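The structure appears right after this line, and notes come after that.
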Amino acid sequence: MFDRIKESVQKFSSRGVADKEAVEELVKDIQRDLMRADVDVELVSELSSDIREEALKEEVPQGLSRKEHVLKIVYDRLEKLLGEEAEIDEGPQKILLCGLYGAGKTTTAGKLADFYRKKEQKVGVIAADTDRPAAFEQLQQVAEDANAEFYGRKEAEDPAKVVEEGMEELDTDVTIVDSAGRNSLNDELREELEEITDVFQPDKKYLVIPADIGQSAREQTEMFDSAVGLTGVIVTKMDSSAKGGGALVACANSEASVKFIGTGETLPDLEVYDPVDFVSDMMGQPDLESLLEKIQELDTDPEAILEGDFTLHDFKEQMESVTGSGLMEEMMQQLPFSKDKLPSNMADMTEGKIQNYSIIMDSMTDEEMKDPSMIKASRRERIAAGSGTQPGDVKELIDHYRQAKNMVDKFDKGSMQRGNMKQMMSKMGL
Ligand SMILES: Nc1nc2c(ncn2[C@@H]2O[C@H](COP(=O)(O)OP(=O)(O)OP(=O)(O)O)[C@@H](O)[C@H]2O)c(=O)[nH]1
Ligand SMILES: [Mg+2]
């Protein structure tokens with residue numbers, strides 16, 4: 001999968017210059033590979049125009065070559081396309097696996113049992129597939145292989161009843177229910193899953209989806225989500241399908257996020273989903289890691305660290321000190337460059353936005369305010385819930401803060417004094 005992107009990135013890296021033609025060729029190859037993996041056309045075209053625009057119009061950050069800059073843009077865009085890194089709860093929990101026929105539910109039940117057993121949890125699996133005759137034996141075998149406890153009743157007809165009995169019988173930290181599939185999400189399956197949910201009260205409801213359904217993973221995820229409410233998706237058969245990338249992108253752009261991927265038929269073939277790994281693999285560049293390290297170093301101003309970093313506390317304080325408008329204009333007159341060089345969302349800092357940001361920051365811990373880099377998906381969700389906003393709002397705030405921080409750092413390096421700059425930025429509300 002994605003061999004063309006790999007080759008194209010290599011070719012691009014070995015070129016003398018990263019001109020328009022080179023970027024165009026790279027974009028075309030990326031498009032082709034993504035389409036081949038059955039990624040939604042609209043998403044592909046959005047990604048392509050973003051890359052073109054940023055790669056050719058944006059100024060190259062100091063210390064990077066244009067080639068490096070373009071590769072970083074490609075990397076960022078692909079990562080964005082592939083969604084968020086999964087954060088997996090490794091403690092005691094109840095997991096319900098659902099999905100259509102042959103998706104890989106039973107196999108995944110075994111893989112998860114193995115995964116949690118290795119996290120020192122006592123694991124049990126319950127055979128709630130009373131639909132397919134051999135389901136009982138299959139799960140029993142899987143449980144034995146994974147060294148997990150097992151509950152099932154061979155002639156059982158009522159899956160919810162089996163789950164109820166299983167919960168009484170098993171004394172386990174992590175309990176996994178393997179449910180039956182159907183050809184489609186019909187009323188029968190819907191009802192069955194509702195009844196199981198009622199007695200089991202799962203903490204996690206994962207939809208198991210095979211990679212080979214490509215972009216229809218999105219529709220399926222949304223249907224199951226509205227029927228049973230999903231915690232996330234597990235995409236199986238990533239090893240044996242050319243459409244895996246399409247399935248991942250589809251899920252990442254749906255209501256639910258990808259938590260695990262299945263990469264083979266045996267127990268250890270389960271990975272916690274991490275788009276960074278995936279993109280590094282896609283771009284296949286051994287140098288990519290060192291490029292990313294280099295960028296991180298450039299982003300961090302050693303002086304700023306010595307003086308005490310520009311934290312969210314600083315950001316909040318400065319933001320809240322703004323009163324009235326017109327400060328932007330005043331600020332612009334004092335800057336050695338024009339307004340259109342500013343990151344776009346920095347120029348539209350409105351009163352309402354400032355208030356909204358303050359409310360969001362009130363739901364952050366001191367630790368998070370001091371080190372916003374720790375705010376990943378699950379923290380974003382918590383903060384959004386606490387402040388009555390959306391995780392996207394929290395992300396926007398963090399992006400905004402990062403831009404402000406970059407500016408502070410950049411100006412530090414320049415001729416201006418940090419004090420002056422801080423004063424100016426505070427007037428501006430940054
Ligand atoms: N290559 C590969 N095969 C897989 C993976 N996960 C499951 N399979 C295979 O897919 C087939 C179906 O897997 P099951 O776990 O039985 O699927 P299921 O969803 O429980 O199926 P039903 O119970 O019939 O609905 C089996 O042959 C598995 O070995 C995977 O990640 N990679
Ligand atoms: Mg099964």
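Just so it is clear, none of the values below were taken in a lab; they were calculated from the coordinates. All of these numbers come straight from a predicted model, not from anything done at the bench. Reconstructed Cβ throughout: ideal geometry from the backbone, glycine too, with neighbour counts over all protein chains shown.
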Under-5 Å amide H pairs with GLN93, H placed in peptide plane, nonlocal only | VAL174, THR175
Under the definition of Cα pairs under 8 Å and six or more residues apart, what whole-number percent is the relative contact order of segment 131-283?
-> 16 percent
The long-range amide H neighbours of THR236, using H built 1.01 Å from N in the peptide plane and a cut-off of under 5 Å, are ILE209, ALA211, GLY262
Cβ-based charge dipole, segment 1-138, positive-most Cα from GLY83, LEU64, LEU97 | LEU97
What is the local net charge at VAL142, summed over the other residues whose Cβ is closer than 10 Å to its Cβ (Lys, Arg +1; Asp, Glu -1)?
-> -4
In debye, nearest 20: dipole of segment 3-84 around its Cα centre with unit charges on the Cβ of K, R (+) and D, E (-)?
-> 380 debye
To the nearest 20 debye, what is the magnitude of the charge dipole of segment 43-127 about its Cα centre, counting +1 on the Cβ of each Lys and Arg and -1 on the Cβ of each Asp and Glu?
-> 560 debye
Across LYS122/LYS237; LYS161/LYS259; LYS105/LYS204; LYS28/LYS237; LYS154/LYS259, pairs whose alpha-carbon gap is larger than 21 Å = LYS122/LYS237; LYS161/LYS259; LYS28/LYS237; LYS154/LYS259
Cα-only radius of gyration and Dmax that characterise segment 93-273, units Å = 14.8, 43
Segment 123-193 and segment 205-263 have their Cα centres apart by a whole-number Å value of 21 Å
List, in order, the whole-Hz ³J(HN,Hα) value for each residue of segment 182-196 obtained from phi through the Karplus relation with A = 6.51, B = -1.76, C = 1.60 and θ = phi - 60°; use x for Gly and Pro.
-> 8, 6, 8, 7, 8, 4, 4, 5, 4, 5, 4, 5, 5, 5, 5
Based on Cβ point charges of +1 for Lys and Arg and -1 for Asp and Glu, what charge dipole magnitude is obtained for segment 93-273 about its Cα centre, in debye rounded to the nearest 20?
-> 760 debye
